[in-house]
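The values are calculated or read from the model by the stated rules, or taken from the named source; none is laboratory data. All figures in this text were calculated on a predicted structure; none of them were measured in a lab. Cβ placement follows ideal geometry from the backbone for every residue including glycine, while neighbour counts extend to all protein chains displayed. The accessibility values were calculated without ligands, DNA or RNA, using every heavy atom of the protein model including side chains. Shrake-Rupley method; radii C 1.70, N 1.55, O 1.52, S 1.80 Å.
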Amino acid sequence: MYGDEKGLKVSYEEYLNMQFRIGEIISCEEVRNSNKLLKCKVRTGADTLQIISGIKGCYDPRELIGKKVTVLANLKPITMAGLTSEGMILLAEDKSGNLSFIVPEKEVEIGAEVC
């Protein structure tokens, strides 16, 4: 996926509807019968979202607890491996396929809006 500059363009109005927040992973576990998925509970201020993420091969779930992450918090829920995912954790991917969480450079509170 790295370097793919083509694709769907979103309008400015669509972008304004997206709610990006700083969250904290409060629990994380492997999804049974899946080689890729982790089930994370992410606190995003007043809400806690269940997010199913395809990062199992890159991160140990025990090491993610307490990690601050950037979340798309108002994504329409979908079902993955029989579980509801209520948002998306944002990561960057390098040319080698290594993933890195997108985190604020300074200390901000959980639930802070990313704008």
Task: Extension gain from E30 to E109, taking 0.36 nm per residue of separation minus the Cα-Cα distance - done: 25.7 nm
TODO: Keeping all protein chains in place, calculate the accessible area per residue for the chain (probe 1.4 angstrom), answer in Å².
DONE: 70 Å²
Task: Positive-end residue, the chain charge dipole about Cα centroid, Cβ charges, pick of T84, Q19, G111 - done: T84
- [ ] Report the longest stretch of the chain that contains none of the GluC sites (Glu not before Pro) sitting in a DSSP loop with at most 14 other Cβ atoms within 10 Å.
- [x] 6-104
Task: Dipole magnitude of the chain about its Cα centre (Cβ charges: Lys, Arg +1; Asp, Glu -1), debye to nearest 20 - done: 360 debye
TODO: Pick out, in residue order, every one of the trypsin sites (Lys or Arg not before Pro) in segment 37-115 that is DSSP loop and has at most 10 other C-beta atoms within 10 Å; say none if there are none.
DONE: K95, K106
Task: Within segment 1-83, chymotrypsin sites (Phe, Trp or Tyr not before Pro) in DSSP loop having at most 15 other beta-carbon neighbours inside 10 Å - done: Y2
TODO: With a ≥ b ≥ c taken as the square roots of the eigenvalues of the C-alpha gyration tensor of segment 5-50, please select rounded if a/c is under 1.5 and otherwise prolate if a/b is larger than b/c or oblate if it is not?
DONE: oblate
Task: Computed helical MRE - 222 nm, the chain, DSSP H runs ≥ 4 contributing -39500 (n - 2.57), nearest 500 - done: -1500 deg cm²/dmol
Task: Equivalent-ellipsoid semi-axes of segment 11-115, from the Cα gyration tensor, Å, largest first - done: 21, 16, 15
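Within the chain, what whole-number % of the accessible surface is contributed by carbon and sulfur, with the 1.4 Å probe and all protein chains included in the calculation?
Carbon plus sulfur share of accessible area: 48 percent.
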Task: Cα-centre dipole for segment 1-52 with unit charges at Cβ (Lys and Arg positive, Asp and Glu negative), debye to 20 - done: 200 debye
TODO: For S96 and D47, compute 0.36 nm times the residue count separating them, minus their Cα-Cα distance, and round to one decimal in nm.
DONE: 14.2 nm
